[in-house]
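**Student:** Quick one: this structure, given as C-alpha cells, is what I'll be asking you about.
Laboratory data are not the source of any read-out in this text; all were calculated from the coordinates shown. Just so it is clear, the model here is predicted, and its values are computed rather than measured. As a convention, Cβ positions derive from the backbone with ideal geometry for all residues, glycine included, and neighbour counts pool all protein chains shown.
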Amino acid sequence: MPELPEIVALERFLAEHAVGAVVGRVDVAALSVLKTFDPPITALSGRDVTGAGHWGKHLGLECDGLWLITHLSRGGWLRWIDEPGRAAPKPGKGPLALRVHFFTPEGATPAFDLTEAGTKKRLAVWIVEDPQSVPGIARLGPDALEITQEQFAELLGGTAQRLKTVLADQSVIAGIGNAYSDEILHAAKLSPFATANKLGDSESARLYTAMRAVLSDAISRSVGQEAAKLKGEKRSGLQVHARTGLPCPVCGDIVREVSYADKSFQYCATCQTGGKILADRRMSRLLK
C-alpha cells in the first residue's frame with residue numbers, strides 16, 4: 001500500500017507532469033471505483049489541471065475547481081503513460097480501473113492509469129469541490145510530518161492502544177501504514193505492543209524523532225523517481241518490514257513476524273523487545 005512518502009512523491013510527480021495540461025477523455029474501466037456521481041466524472045474533461053495535493057494516504061489532482069481524489073488502498077497504483085492508445089479500455093479487463101487523458105501545452109497527449117492488483121477491489125475515486133467532503137479525509141488526524149513533538153506526546157498519552165495500532169490509525173496520525181510503522185518502531189527501538197500512554201518522555205521523544213527521520217528519508221529517496229519505480233524504491237529502503245527470516249541490518253538477529261488473518265508485521269527482538277519473542281495475537285495475550 002502506498003503510504004505518505006510514496007503519496008508525496010506521486011503528488012510532486014503529478015505537479016510536474018500534469019499541472020498546466022488540460023484534461024481530455026476520462027475512461028472508467030471499473031465503475032465500482034467511483035464513490036461520487038455528482039458532479040459526474042465527465043465534468044473533468046476540458047478543465048485545466050491547476051494543482052496536486054495529498055491528505056494522509058489520499059492523492060488529489062485539482063482541475064479548475066474540481067478535485068479528483070483517489071485512495072489507492074492496498075493493491076492500487078498510479079501509472080503514467082507518455083503515449084496511451086487511442087481506443088478506450090474494455091471494462092473489467094485486467095487491473096485497470098480508470099484512465100485520465102491529457103493535452104499538454106507542448107502538444108503531447110499523455111495519460112495516467114489507476115490500477116489495482118488482486119481480487120479485493122478497494123481502490124476508490126471521488127470527484128468533489130472540497131476534499132474535506134471525502135469521508136476518509138474528514139476523519140484524518142494531523143499529518144505525520146506536520147504534527148509537533150508536543151502534540152505527538154499528547155496523542156500518545158491519551159490512548160491505551162499499542163504503538164503499532166496508534167501509528168497506523170489514520171484518525172490519530174495521517175499517512176503511516178503497515179510498512180512504515182514497522183520501520184519507525186524498529187528505528188525507535190520500541191516494541192510494537194508497547195502501550196502508548198505508558199511511554200516515558202524519552203521514549204516518546206525517540207519515537208517522534210524516528211517517525212520524522214524514517215518518513216523524511218523515504219521521501220528524499222522517492223521524490224524525483226518515476227511513478228513506476230516508487231515501489232522498488234520503497235522496498236530497497238526497508239530494514240525489517242517484509243524481511244521475515246533475514247538478518248536485521250542493525251544487530252544481525254533474525255527479523256521475526258507476527259501474523260494476523262489478513263496481514264502481518266515484522267520486528268527485531270534484539271533491537272525492540274529485549275530479546276523477547278512476540279506471540280501470535282490469535283493465540284495468546286499481548287506481550288508488553
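**Student:** State whether region 1-55 is rounded, prolate or oblate according to the following rule on the C-alpha gyration tensor (a ≥ b ≥ c being the square roots of its eigenvalues): a/c under 1.5 gives rounded; otherwise a/b larger than b/c gives prolate, and the remaining case gives oblate.
**Tutor:** Here region 1-55 falls in the oblate category.
**Student:** Shifting gears a bit: In nm, what is the difference between 0.36 nm times the number of residues separating THR109 and ARG212 and their Cα-Cα distance?
**Tutor:** Extra length from THR109 to ARG212 when fully extended: 33.3 nm.
**Student:** In nm², what is the average projected area of the convex hull enclosing the Cα atoms of region 189-240?
**Tutor:** Spelled out: convex hull of the Cα atoms, projected over all directions, averaged, 4.3 nm².
**Student:** Let me ask you something else. Could you tally the net charge around VAL240, taking each other residue with its Cβ under 13 Å from the Cβ of VAL240, Lys/Arg +1 and Asp/Glu -1?
**Tutor:** Net of charged neighbours comes to +1.
**Student:** What chymotrypsin sites (Phe, Trp or Tyr not before Pro) in region 192-288 are in a loop by DSSP, with at most 16 other Cβ atoms within 10 Å of the Cβ?
**Tutor:** Taking region 192-288 and a limit of 16 other Cβ atoms within 10 Å, the loop chymotrypsin sites (Phe, Trp or Tyr not before Pro) found are TYR260.
**Student:** Also, I was wondering about something else. Cβ under 13 Å from HIS54's Cβ, HIS54 left aside: what net charge do those residues give with Lys, Arg +1 and Asp, Glu -1?
**Tutor:** Result for the local shell: -4.
**Student:** Let me ask something else about it. Straight-line reach only, C-alpha to C-alpha below 27 angstrom: list the lysines that LYS164 could link to, leaving out same-chain residues fewer than 8 apart.
**Tutor:** Reachable lysines: LYS57, LYS120, LYS121, LYS189, LYS198, LYS231, LYS234, LYS263, LYS276, LYS288.
**Student:** Over region 83-205, what is the relative contact order in percent, taking alpha-carbon pairs closer than 8 angstrom and at least six residues apart?
**Tutor:** Result for region 83-205 is 19 percent.
**Student:** Given axes a ≥ b ≥ c from the Cα gyration tensor, I'd like to know whether region 64-106 is rounded (a/c under 1.5), prolate (a/b larger than b/c) or oblate.
**Tutor:** Oblate.
**Student:** Ranked highest first by average number of other Cβ atoms within 10 Å, how do 178-186, 55-63 line up?
**Tutor:** 178-186, 55-63
**Student:** Among all the aspartates and glutamates, which ones have a C-alpha under 13 Å from LYS229's C-alpha, if same-chain residues fewer than 8 places away are not counted?
**Tutor:** Hits, sequence-local ones excluded: GLU6.
**Student:** To continue, here is another question. Considering Cα pairs under 8 angstrom that are at least six residues apart, work out the relative contact order of the chain and quote it in whole percent.
**Tutor:** 18
**Student:** Per-residue ellipticity at 222 nm for the chain, helices alone: DSSP H runs ≥ 4 residues times -39500 (n - 2.57), over residue total, nearest 500 deg cm²/dmol?
**Tutor:** Per the formula, -7500 deg cm²/dmol.
**Student:** While we're on this one: Give me the net charge for the shell around ARG122: Cβ to Cβ below 14 angstrom, other residues only, Lys and Arg +1, Asp and Glu -1.
**Tutor:** Combined, the nearby Lys, Arg, Asp and Glu give +4.
**Student:** What does the C-alpha gyration tensor say about the overall shape of the chain? Classify as rounded when a/c is under 1.5, otherwise prolate if a/b is larger than b/c, or oblate.
**Tutor:** Note, shape of the chain comes out prolate.
**Student:** State the extension gain, in nm to one decimal, for the chain segment bounded by LYS121 and ALA160, taking 0.36 nm per residue of separation less the distance between their alpha-carbons.
**Tutor:** 10.8 nm
**Student:** Roughly speaking, what is the stretch gain from ALA205 to GLN149, that is 0.36 nm per residue apart minus the C-alpha to C-alpha distance, in nm to one decimal?
**Tutor:** Length difference between fully extended and current span is 19.4 nm.
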